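Written out below as structure tokens is the structure these notes cover.
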Ligand code: C5P
């Protein structure tokens, strides 16, 4: 190596949380997954993943939710890094991964998926691979249904398991408030509850609504609020009935609309403006109905390199 080329020491990538503006769940498939039609929006709550060359593979989490994420082989960011190394036939180039977590864990906001997407981009940069976007998207889909969207960002319609994405042209910025819960909900349990509540009912193929598409085209927050919908909301409320109180409180305090985010338990509220979002945060916090309340705007970009010695 030339004495003028300094190898990169570490790369940091941030990846956003998501909210499902609409989530339509089809029948359970033979592989245990459900076909979806979902409208994802990436929102400005971020996890930051830093990868550094190391003698051994490792992962550690910092920040408020540190204790809630596995620091083991089950960690999705670690699995993502190893999957990319395998794909690039780089068996012996381990990294130490640090995850600074801001996205709630098991909250229905795809925090683990954001970490996996960030790790893919970070390792790709660190190792200088320049992996094709399509290949990254396919590795992402193997890691989890929401990982491709965390790479993609913006607004997109997800089909299949939610991993097949079509971008949506949308106008404007939307201001969200998220009421978090103390403990998460298990995604497989919420889907299983959805199946249980449906019983033998005939379930049509899922489709996003025309109202949702029109709302995104116009950028009108009131129209979007009226079109918010989630087939996993009733199952999540069935498992966690106290979330109904959170939804009602947000609407009473003036939210334009409210919906459970993904498989919950986070409740997402749409507001009119940044000021309106701040007011709603204050009211929800003062009421004590949720242990933690956050604001974020969307759409935002997907996983993005923020620090790299290669820049
Ligand atoms: O793909 P991901 O790891 O996020 O999925 C977690 C679980 O959520 C799956 O094992 C499955 O039980 C459920 N799921 C589903 N249908 C989907 C996505 C997830 O049933 N489209």
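Read-outs throughout are calculated quantities, based only on the coordinates presented, and are distinct from any laboratory measurement. Just so we're clear, the structure is a prediction, and the values are computed from it rather than from any experiment. Note that we place each Cβ from the backbone using ideal geometry, even for glycine, and neighbour counts take in every protein chain shown.
Give me log10 I(q)/I(0) at q = 0.07, 0.08, 0.12 Å⁻¹ for the chain, Debye formula, one equal scatterer per alpha-carbon, no solvent.
-0.27, -0.35, -0.78
Between residue 251 and residue 66, what is the spin-label point distance in nm, taking each point 7 Å from the Cα along the Cα→C-beta axis?
With each label placed 7 Å out from Cα toward Cβ, I get 4.0 nm.
Could you list 294, 18 in order of exposure, starting from the residue whose Cβ has the fewest other Cβ atoms within 10 Å?
Listing 294, 18 from fewest to most nearby Cβ atoms yields 294, 18.
Compute the acute angle (0 to 90°) between the alpha-carbon long axis of helix 76-87 and the principal axis of greatest extent of the alpha-carbon atoms of the chain; round to the nearest 10°.
Here the helix axis deviates by roughly 50 degrees.
Give, in nm to one decimal, the length gained when the segment between residue 304 and residue 132 is fully stretched (0.36 nm per residue of separation minus the Cα-Cα distance).
60.4 nm
Which of 31, 115, 279 moves most in a GNM of the chain, Cα contacts under 10 Å?
So, out of 31, 115, 279, the one fluctuating most is 31.
Pick out which of 197, 247, 139 has the largest mean-square fluctuation in a Gaussian network model of the chain, springs linking Cα atoms closer than 10 Å.
Per the Cα network of the chain with a 10 Å cutoff, 197 tops the list.
Calculate, in nm to one decimal, what residue 209 and residue 242 gain on full extension: separation in residues at 0.36 nm each, minus their alpha carbon distance.
9.1 nm
What residues of the stretch 232-256 lie in the reach of a label at residue 196, counting those whose backbone N is under 20 Å from a point 7 Å from the Cα along Cα→Cβ?
Zone members listed by number: 232-245.
Which of these, 150, 85, 55, has the largest mean-square fluctuation under a Gaussian network model of the chain (Cα springs below 10 Å)?
The residue with the greatest mean-square fluctuation here is 55.
Could you list 198, 217 in order of exposure, starting from the residue whose Cβ has the fewest other Cβ atoms within 10 Å?
Fewest to most other Cβ atoms nearby, the residues stand as 217, 198.
Give, in whole angstrom and from largest to smallest, the semi-axes √(5λ) of the equivalent ellipsoid of the stretch 174-297, with λ running over the eigenvalues of the Cα gyration tensor.
25, 20, 10
Give the Kirkwood hydrodynamic radius (Å, one decimal) of the stretch 1-122, defined as one over the mean of 1/r across all pairs of different Cα atoms.
Roughly 15.8 Å, rounded to one decimal.
Ratio of alpha-carbon Rg to the 2.2 N^0.38 Å globular estimate for the stretch 241-293, to two decimals, please.
Normalised Rg, Cα atoms only: 1.02.
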